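Taken together, the values in this text are just the output of simple stated rules run on the coordinates, not laboratory data. Just so you know, these numbers come straight off a predicted model, no measurement behind them.
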Amino acid sequence: MSTGAGPLDGCTVVMAHPDDEILWASAVVRRAARIVLCFGAVPGRPALSEGRRRLAARFPLGSAQFLMQAEAGCAARAAWPAPRETPEGLALPRLLPSERRRARAYAANFTELTQRLAPLLPAAGDVVTHNPWGEYGHEEHVQVLRAVMAARSGPGCRVWVTGYVSDRSLALMGRNLGRLGAPTPPLATDGALTQELKALYVETGTWTWFADYVWPRTERFFPLLDSPGPADDGATLGMNVIRLGQPRRGRVAHFTRRLSAAIARRLPERAAHKP
């Protein structure tokens, strides 16, 4: 555990893309000892790639480190809503030559990220990163978690994951609930920092989320268990739900007991499809 005064004080935050840190972990960004943002260049999007380089030079938090790894261009390519899990993240289609190139880049990124993250993770301490279903369902979010788990030096490095899920990633979350331990208490999202960083992202052309996104009031973070146990539907209480299919405003809501019970009822069905 961290030695700070509050939950996750002095943690290391590891996120896939610039803006992920403020979208999914604003409650702990200020208290982090180190922030690592993995990806930079984006295939076929030179303006965004250059914008991220400008952003890195102006980022106001001195604890941030930008690895600038090139993305694989694989967002939304897995078989959602029930993708197959792999050692490097999620299985990608390989039928077309372009798909095979993306899959090779995705696998290569896992190897390189694992190597680059290893010296940046604490031997003993807390790491906050993406959850096993990639929040709303992003292949590179899942991959960064896998790379963190492969890069850490031992059980003294305790991994915590974010508490967001969407309608797209719900089934994958259901397959992974047994990997979650008891969460932190609700931590207030940092309204001032979210607006400051969002403004910088917009100015540099690097904001990749919805323009009118409204943050929830609180976030919880869940320890990832080394020995998964039986799924507990109570673990979903306090998660933040992103409804991708709904109008943008008001798209984040807290799980209700009814939804948690519905997830629990469907767990046996989902478990049958787990690779």
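What fraction of the DSSP beta bridges in the stretch 12-271 is antiparallel, stated in percent and rounded to the nearest 5?
Numbers: 11 of 29 bridges.
Of the beta bridges lying entirely in the stretch 12-271, close to 40 percent run antiparallel.
Rg over Rh of the stretch 92-210, using C-alpha atoms and the Kirkwood radius, what does it come to?
1.00
Please report the projected area of the stretch 12-271's Cα convex hull averaged over all directions, in nm². Could you put the intermediate results ahead of the total?
Details: hull surface 52.7 nm².
Its Cα hull, projected and averaged over all orientations, spans 13.2 nm².
Take every DSSP beta bridge whose two residues both sit in the stretch 1-131, then give the antiparallel share in percent to the nearest 5. Walk me through the numbers before you get to the answer.
Details: 2 of 12 bridges.
Within the stretch 1-131, antiparallel bridges account for around 15 percent of the total.
Grab the Cα-Cα distance for Y213 and A118, subtract it from 0.36 nm times how many residues apart they are, and report the gain in nm with one decimal. Could the numbers behind the result be given before it?
Values: separation 95, 0.36 × 95 = 34.20 nm, distance 3.34 nm.
Stretched out fully, the Y213 to A118 stretch lengthens by 30.9 nm.
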